[in-house]
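The values are calculated or read from the model by the stated rules, or taken from the named source; none is laboratory data. Remember, it's a predicted structure, so these values are computed and weren't measured experimentally. Cβ sites come from the backbone with ideal geometry, for glycine too, and all protein chains shown count toward neighbours.
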Amino acid sequence: MKRPDMAIIVGLALVTALAFVAFWGGPSLAGIVGSPHDLRSYGVPTPATNQVCVYCHTPHNANTDPRLTPSYLWNRNVRAADYPVYDATYTNPLPQNTPHTLMCMSCHDGTTTAIGQMLNPPDDYNGSQNTIYVTGDENLGTDLRNDHPIDLVYLNSSEGGPLPATDYNSSSAITAAGIRLFTFGANTNVQTCASCHEPHAKYNYPDFLRITPNNSQICTTCHNM
């Protein structure tokens, strides 16, 4: 039997390896697993569960708070009171927090829910994170007036909105560049936490950003500077 050419074997091995990296993305592109939102080991020496998605989502018995529309099958309680957010001349917030704010802040306010306080924990959850809350820079507190504006309608004056076109790019321009705007009921073009951050680490940028922070592009995509 004729032995296969070694160059062919090496070539096939290389193609296989590259295909694996392309599919899985390698360690830096692995998505939620291994990212800061992989909470299985947050604050504990060993993983509290083998499950990843369950820290935020559940297929059954999700949060039914009417403010969470859509609910994204949220697996945590959310704060009863709204969070005060940045309010200025051109960035008037909506009357109440969006579902995104309530969901993100259910962990990031450092008080509403501990890491392990899931509404529907998995069977293998060991309870070790029941009293562990988000700390450090990730703890934004309960007053968001000193944080970037959220929960507002993003439309510049050329689109009939409150934001001066001399200072803000159009909603169509920023969404084309990768910023997300959302619809909640009658409110469209709503800017939320998830406008700039993609919580599932789909993009290879720090802090779950949707757009590179290099050269302040995450800022200048919206701000006409």
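The listed residues are PRO122, PRO66, and the only one of them that is free of Cβ contacts under 8 Å to residues at least 40 places away in the same chain and either under 16 Å from the mean Cα position of the chain (by Cα) or in a loop (DSSP other than H, G, I, E, B) (or both) turns out to be PRO66. Looking only at segment 117-140, residues that are more than 20 Å from PRO206 (Cα to Cα) and surrounded by fewer than 22 Cβ atoms within 10 Å (Cβ to Cβ) come to 15 in all.
Scan segment 84-108 for residues that are part of a loop (DSSP other than H, G, I, E, B), buried (at least 22 other Cβ atoms within 10 Å of the Cβ) and among the hydroxyl-bearing types (Ser, Thr, Tyr) and report the count. Going through segment 84-108 one residue at a time, the tally reaches 1. Counting the residues of segment 82-119 that are under 24 Å from ASN187 (Cβ atoms), among the hydrophobic types (A, V, I, L, M, F, W, C) and within 19 Å of the chain's Cα centre (by Cα) gives 5. Condition first: among the small types (Gly, Ala, Ser) and within 23 Å of VAL33 (Cβ to Cβ). Can you find one or more residues in segment 136-144 that meet it? Yes: segment 136-144 contains one or more residues that are among the small types (Gly, Ala, Ser) and within 23 Å of VAL33 (Cβ to Cβ).
Might you check whether a residue that is over 18 Å from TYR83 (Cα atoms), modelled with pLDDT of 95 or more and surrounded by fewer than 21 Cβ atoms within 10 Å (Cβ to Cβ) occurs anywhere in segment 141-151? Spell out how you get there, then give the answer.
Taking segment 141-151 and keeping what is over 18 Å from TYR83 (Cα atoms), we get none.
No, every residue in segment 141-151 fails to be over 18 Å from TYR83 (Cα atoms), modelled with pLDDT of 95 or more and surrounded by fewer than 21 Cβ atoms within 10 Å (Cβ to Cβ).
Against the definition (more than 28 Å from VAL52 (Cα to Cα) and surrounded by fewer than 20 Cβ atoms within 10 Å (Cβ to Cβ)), how does SER172 come out, yes or no? Yes, satisfied.
Condition test on ASN130, is it modelled with pLDDT of 95 or more and of a type in the set (S, T, N, Q)? Can you show your working first?
Working: modelled with pLDDT of 95 or more: yes; of a type in the set (S, T, N, Q): yes.
Here the answer is yes, as ASN130 does meet what is asked.
Within segment 175-205, can you find the residues that are crowded, with 19+ Cβ neighbours inside 10 Å, of a type in the set (A, V, I, L, M) and in a loop (DSSP other than H, G, I, E, B)? Result: ILE179, ALA201.
Every listed requirement among (1) surrounded by fewer than 16 Cβ atoms within 10 Å (Cβ to Cβ); (2) without any contact (Cβ under 8 Å) to a residue 60 or more places away in the chain; (3) within 23 Å of ASP147 (Cβ to Cβ) is met by TRP74 save one, (1).
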